[in-house]
1. With the checklist (1) of a type in the set (A, V, I, L, M, F, W, C); (2) crowded, with 24+ Cβ neighbours inside 10 Å; (3) assigned to a strand (DSSP E or B) in hand, flag the one item LEU75 doesn't pass.
2. Within the group ALA62, ALA31, ALA36, which residue is touching a Ser or Thr at 6+ places or on another chain (Cβ under 9 Å) and either assigned to a strand (DSSP E or B) or surrounded by fewer than 21 Cβ atoms within 10 Å (Cβ to Cβ) (or both)?
3. Output the residues belonging to the range 1-28 that are of a type outside the set (Gly, Ala, Ser) and assigned to a loop (DSSP other than H, G, I, E, B).
4. Give the number of residues within the range 85-101 that are open to solvent by 20 Å² or more (accessible area, probe 1.4 Å) and in a loop (DSSP other than H, G, I, E, B).
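The values are calculated or read from the model by the stated rules, or taken from the named source; none is laboratory data. Everything numeric in this text was worked out from a predicted model, so none of it was measured. Positions of Cβ are generated from backbone atoms using ideal geometry, with glycine treated the same way; all protein chains shown enter the neighbour counts. Just the protein is used for accessible areas: all its heavy atoms, side chains included, with ligands, DNA and RNA removed. Shrake-Rupley method; radii C 1.70, N 1.55, O 1.52, S 1.80 Å.
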Amino acid sequence: YEISAVPFNITVPGYYIFTRNLEISGASTEAIQVNASDVTIDLNGFTLKGTNFAGIWQKAGATRLTVRNGCISGLQHAVLAWFEGNRLEDLTITDVTDVTYLGAGAVVRNCIFADHYFRTEFTGVLWLDGGGRVEDCVFFHNRSYNDYPIKCVRTTNGTEIVRCVFTGGESLDSV
């Protein structure tokens with residue numbers, strides 16, 4: 001399925017691919033709403049940009065969402081995927097003002113998280129429920145409104161962090 005405009009609502013499992021750079025603004029709360037399990041969103045090297053609440057929002061009951069191969073920029077949340085078995089791969093996520101959240105068992109691989117600017121010191125760039133894995137990712141220039149160092153990856157029990165780079169006083173946090 002091709003994604004050539006936003007907002008876009010996914011209601012059936014499948015492979016969805018961007019055909020161009022997309023920008024969301026105005027009254028819509030999310031660019032892409034995911035209401036189905038077993039969905040892959042391939043940004044195909046393109047950028048999803050906006051100033052709204054969320055770039056990609058996985059709704060209740062949906063699981064196994066994969067988002068890959070592109071850039072997400074300028075939103076409050078890049079991805080909100082609360083449920084199990086989700087993946088982020090080969091993404092650059094920049095200029096976001098709140099956490100990217102993934103549910104239990106999530107895998108984040110080969111991603112760059114940069115230039116996030118948070119309103120509080122109590123948030124994080126990437127928040128994972130337990131049992132997940134973050135590997136080969138880079139976190140840099142992520143700060144809070146008053147320049148407190150940010151907890152880049154916040155996790156609950158059992159999440160593995162492997163071969164990741166953290167710069168500028170950023171760190172890990174288990175909650």
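1. Only one criterion in (1) of a type in the set (A, V, I, L, M, F, W, C); (2) crowded, with 24+ Cβ neighbours inside 10 Å; (3) assigned to a strand (DSSP E or B) is unmet by LEU75, namely (3).
2. Working: ALA62 fails: either assigned to a strand (DSSP E or B) or surrounded by fewer than 21 Cβ atoms within 10 Å (Cβ to Cβ) (or both); ALA31 fails: touching a Ser or Thr at 6+ places or on another chain (Cβ under 9 Å).
Exactly one residue qualifies, and that residue is ALA36.
3. So the first thing to find is which residues in the range 1-28 are of a type outside the set (Gly, Ala, Ser), and the list is 1-3, 6-13, 15-24.
Matches in the range 1-28: TYR1, VAL6, PRO7, THR11, VAL12, PRO13, THR19, ARG20, ASN21.
4. So the first thing to find is which residues in the range 85-101 are open to solvent by 20 Å² or more (accessible area, probe 1.4 Å), and the list is 85, 87, 89-90, 92, 94-95, 97-98, 101.
Subset that is in a loop (DSSP other than H, G, I, E, B): 85, 95, 97-98.
Adding up the residues that qualify gives 4.
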